[in-house]
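Let me begin by presenting the structure, written as structure tokens, before commenting on it.
Since every read-out is calculated from the coordinates, none of them should be taken as a lab result. The structure presented is a predicted model; accordingly, all values stated were derived computationally and were not measured. No Cβ is skipped: glycine too gets one built from the backbone with ideal geometry, and neighbour counts run over all protein chains shown.
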Amino acid sequence: MKLIEQQAQFWELYQDDAQYYFAIAIDMSSVVSCWYIHLDAKDELLYQENGRQFLEDFAQEIVQQSYRGDFSFLEQREVSEQIQQAMQQAFKAQN
């Protein structure tokens with residue numbers, strides 16, 4: 001697992017041998033909600049075609065859904081505790 005892109009204190013993109021993963025911190029005013037999700041094949045293709053701009057748009061869409069109280073997208077894509085730990089270790093190793 002390695003950290004490949006980030007927007008400090010907002011989101012990070014990780015990659016392992018087979019998958020891309022996205023971590024996002026959503027400021028909900030009184031609390032920050034952190035989510036660890038996987039990208040699907042369509043998202044991976046959009047990232048490969050559009051780079052960082054896709055990630056910025058992707059993050060903003062997630063934030064907007066969250067502000068509306070809709071966490072279903074995040075819940076459907078949430079990764080295992082083991083993947084979360086690998087992402088956190090990659091972050092610590094890079095910083």
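Overview of values
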item: Label corresponding to semi-axes √(5λ) of the Cα gyration tensor in Å when calculated from the structure given, among (i) 19, 16, 13; (ii) 21, 18, 10; (iii) 42, 17, 12; result: (i)
item: Residue-averaged [θ]222 nm for the chain, counting only DSSP H segments that reach four residues, each worth -39500 (n - 2.57); result: -15000 deg cm²/dmol
item: In Hz, Karplus ³J(HN,Hα) per residue of segment 43-53 (6.51, -1.76, 1.60; θ = phi - 60°; x = Gly, Pro); result: 5, 4, 5, 4, 5, 5, 7, 10, x, 4, 4
item: Dipole magnitude of the chain about its Cα centre (Cβ charges: Lys, Arg +1; Asp, Glu -1), debye to nearest 20; result: 240 debye
item: In order through segment 11-20: 3J(HN,Hα) via Karplus (6.51 cos²θ - 1.76 cosθ + 1.60), integer Hz, x for Gly, Pro; result: 8, 9, 10, 10, 9, 10, 4, 10, 8, 9
